[in-house]
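Only the coordinates and a few stated rules stand behind these numbers; no lab work does. Quick caveat, the model's predicted, so the values are computed rather than measured. Virtual Cβ from ideal backbone geometry, glycine too; neighbours counted across all protein chains shown.
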Amino acid sequence: MVLTTFVAAEPSLPAVAGPADPEPASLVTLTVPDRAALERLVGSGADLTGRVRPQPDGSIRVDAVVTPSGLAELRPLGATLATGTPAPAPEDRGGTKDRIVVERAVWFQSRDGYFLSVEASSSAGADAALTVTWKGKGGATGQVEMVPYVDAGAYLGHQFSVPVPAGVRPDRVTITSAAGGVAEARVGEWPDGERPDRDRPGYQKDFITQYMPPAQLNARVKDLHRRFPALTEIIELPHLTNGYRRHAQALIGTPPGAAVVVTSRAYGSEGGNDLAVELSDPGAADRTLAVVVDGKQVRVSLATDGSGAPVSTAAEVAAAITGAPGSPVTAATYRTDPGAGVLAPAPLTQLSDFLGAPADVSREPWRVLALRIGTHRDGSRTGVLAYAQEHAREWVTPLVTIEAAERLLRNYPRDPATRKLLRRADIFIVPTVNPDGANYSFYDFNAQRKNMTNHCPAAQSDPALRNTWGVDVNRNYAVGSLFDGYFGASANCQSGTYAGPGEHSEPESRNVIWLAETYPNIRFALNVHSYGGYFMWPPGAYRLDGRVTLPRPSRQQEAYFLRSARTILEAIAAERGTVTWPQQTGPVTDVLYSAAGNSADELWYDHGVYGWDFEVGSDLWNPRTGAWEGVGFQPPFAEGHAEAMEFAAGLISLIGVAADYREDR
Ligand SMILES: [Zn+2]
């Protein structure tokens, strides 16, 4: 089932795909047979989304961004395109009577009605076949099969694949095992945290009208500071990004053997796009290969044999172009090919950086901005850092931070609760951590996840691969990283989860850590991602061997994480009835998958900052099909707007939790 085909807006490209054109990418739902296969996908560096859904038959569905060749590489790992509804779990596997423990049985009410979610474990482990029977008001009842949850070989219990509609409020559940075990439990309410105050006359909200590229976000931050100078300041983060820019390139000849990839030394925007390369037939016998640099033109005169036929190979021409005195370009053979093929003459070919943004989108290194909000911005108040769009294509996430900032500032004069918040908290908001990638997502390739910096060697740097370059900013941090032996990041520069050449190699990640180091009063952080509807905290990574996670928080800290989460999830639900599922609330390694080198882990383990992660964009219940449906990275704006509204409320609730924390101490 193909959900979305990403369309690259590249007017400079020919209509028919050629060897210099990237493969199309699609957002699809994949099925893998089990958790081990999902882990193989994570290990392969596949570009997975956060939407992971176990199925009743034990298989797992995960949304991913794939190209046709990328999908072909995932098939041997067990992935197929999901279709239809999977078969129910097999019944009655026999064996001796097992012991059942109910971990959690909760109901919640969303805008679509009552839902039930149960987690339990069996002493028989993953092989147990567990069935939940529930009873509710007026004798209502229903039955659901549970799904075993096995991660990196460890049995973590049984759960529902997704919350199931119950029609009425369920009161009691009975869990029976095919092996004979039985357990009963009352059904509690979820999230059942502190309710937000709905009685706030004149409280203003809804300040976003469209998805915003980075230039608009920066302009909005500056505008907010201009309008509220007493309540805000702008912090210019010290590490400039590399910029929305690329070297200009041309692929000349016929790949693989008889082609060269020419790349400008200057960025396209700094003269590279003005360059052109020509391969000419000298029209005479026994000539030697010669390269003349003539201003912005590189003219290659091919060698000929005794009959006057060109004989220069791709390897010879590449070396001659690169070595020509004063050459403004370098050249390489195609990918890993040795380039033994003879090059045909080629007319003057213009180089291009293939960037499609209008000329008024800056190509310069980018200054990332933080907006600091509060009446006491002197380090005496508990600091809360909210940072969004580490991943470029997650267009809703900056809107969450902008909407929250506007609500805090505009309601300060009229809402006592907001006034109290700004007096007690010191808020740092970074709407876009990864502006270069965001520009690329807006103007060139909307599935872009990573930043724009290409660390690939020449063999992986021909222009058709340009949509695969960049570093996954949220795998570039220094705690529990790939370089420390943790799982869930890739060393391949083309992978969706490429960790970069080293920890903190990228200015985007250094900026986030700089904030934590410079403002030690920051004790809470919220990393805003999309999509799938999660609320998570550390640990976020484990070593594969033995599933050894980063140290788990103490029981007290975990209880605090969960209690706070319940309050924050109430605030989200109050906006339009979206309830973040209980099985998607918890430590990253428990509810999603291992993500080596993510930012929340570094904030928590190195800086003592409570590091939370939102995945905004919860599944929407489709009553017609009776199924939960994913919302994607860039839903129609009406949906993106609604997500920003609800998670802005969640962010403000988190700031309230942070302000209370100061008093708890
Ligand atoms: Zn993300």
Counting Lys and Arg as +1 and Asp and Glu as -1 over every other residue whose Cβ sits under 15 Å from the Cβ of K222, the net charge comes to +1
Listed highest first by mean packing, meaning other Cβ atoms within 10 Å per residue, what order do 207-218, 418-429 come in? 418-429, 207-218
Do the sum for the chain: with -39,500 (n - 2.57) for every DSSP H run of n ≥ 4, divided by all residues, what is the mean residue ellipticity at 222 nm, to the nearest 500 deg cm²/dmol? -7000 deg cm²/dmol
How far, in nm, would the chain grow between E189 and N521 when pulled straight, counting 0.36 nm per residue and subtracting the alpha carbon separation? 116.1 nm
Using θ = phi - 60° and Karplus 6.51 cos²θ - 1.76 cosθ + 1.60, couplings along segment 272-284 (whole Hz; Gly, Pro as x): x, 6, 8, 7, 8, 10, 10, 10, 10, 8, x, x, 8
Let me check I've understood the local charge: for A46, count other residues with C-beta under 10 angstrom from its C-beta, Lys and Arg +1, Asp and Glu -1. What total comes out? -1
Counting sequence-distant residues (5 or more places) and residues on other chains, those with an amide H built under 5 Å from that of R287 are T304
Average Cα contact separation per residue, segment 383-483, under 8 Å, 6 or more apart, as relative contact order %: 32 percent
Signed unit charges on C-beta, dipole axis of the chain, positive-most listed residue L275, F354, S505: S505
In 10 Å bins starting at 0, how do the alpha-carbon pair distances of segment 241-384 split up by percent? 12, 33, 24, 12, 7, 6, 4, 2, 0
Charged-residue dipole, Cβ positions (Lys, Arg, Asp, Glu), the chain about Cα centre, Debye nearest 20: 1820 debye
Along Cα→Cβ, 7 Å out, is where each label goes; now give me the distance between the ones at A36 and D294 in nm to one decimal. 6.5 nm
Hey, rough spin-label estimate for E639 and R227, points 7 angstrom out along Cα→Cβ, what's it come to in nanometres? 2.9 nm
Cα-based Rg and Dmax for segment 314-422, in Å, come out at 26.5, 77
Long-range amide H partners of T382 with built H, under 5 Å: D426
Of all DSSP beta bridges in the chain, what percent run antiparallel (nearest 5)? 75 percent
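Taking 0.36 nm per residue of sequence separation and subtracting the Cα-Cα distance, how much length would be gained by fully extending the chain between R99 and A359, in nm to one decimal? Present the calculation step by step, with values, prior to reporting the outcome.
Numbers: separation 260, 0.36 × 260 = 93.60 nm, distance 6.68 nm.
Fully extending the segment from R99 to A359 adds 86.9 nm.
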At a threshold of 8 angstrom on Cα-Cα distance, excluding pairs fewer than six apart, so keeping six or more, what relative contact order does the chain reach in percent? 14 percent
Going by average Cβ neighbours within 10 Å, how do the peptides 104-113, 651-660 rank, with the highest at the top? 651-660, 104-113
Nonlocal amide H pairs with E103, under 5 Å, H built at 1.01 Å: E119, A120, S121
Counting Lys and Arg as +1 and Asp and Glu as -1, each charge on the Cβ, what is the dipole of segment 287-419 about the Cα centre in debye, to the nearest 20? 640 debye
Apply the Karplus curve 6.51 cos²θ - 1.76 cosθ + 1.60, θ = phi - 60°, to the phi angles in segment 129-140 and return the couplings in whole Hz, x for Gly and Pro. 9, 10, 10, 9, 10, 10, 10, x, 3, x, x, 4
³J(HN,Hα), Karplus 6.51/-1.76/1.60, whole Hz, each residue of segment 102-110, x for Gly, Pro: 7, 7, 6, 10, 9, 10, 9, 10, 9
Can you tell me the FRET efficiency between R265 and D286 if r is taken as the Cβ-Cβ distance and R0 is 41 Å, rounded to the nearest 0.05? 0.80
Any chance you could tell me what percent of the C-alpha pair distances in the chain go past 32 Å? 53 percent
What distance in nm lies between label points placed 7 Å from Cα along the C-beta direction at T133 and D199? 4.5 nm
Mind computing the radius of gyration and Dmax over the alpha-carbon atoms of segment 493-596? Å is fine for both. 15.8, 43
Across the alpha-carbon set of segment 422-491, Rg over Rh with Rh taken as the Kirkwood radius works out to 1.10
Nearest-20 debye value, segment 149-239 charge dipole, Cβ charges on Lys, Arg, Asp, Glu: 340 debye
What does the highest-first list of 137-149, 544-556 look like by mean Cβ count within 10 Å? 137-149, 544-556
Taking a label point 7 Å from the Cα of T625 along the Cα→Cβ vector, which residues of segment 18-38 have an amide N closer than 19 Å to it? 26-32
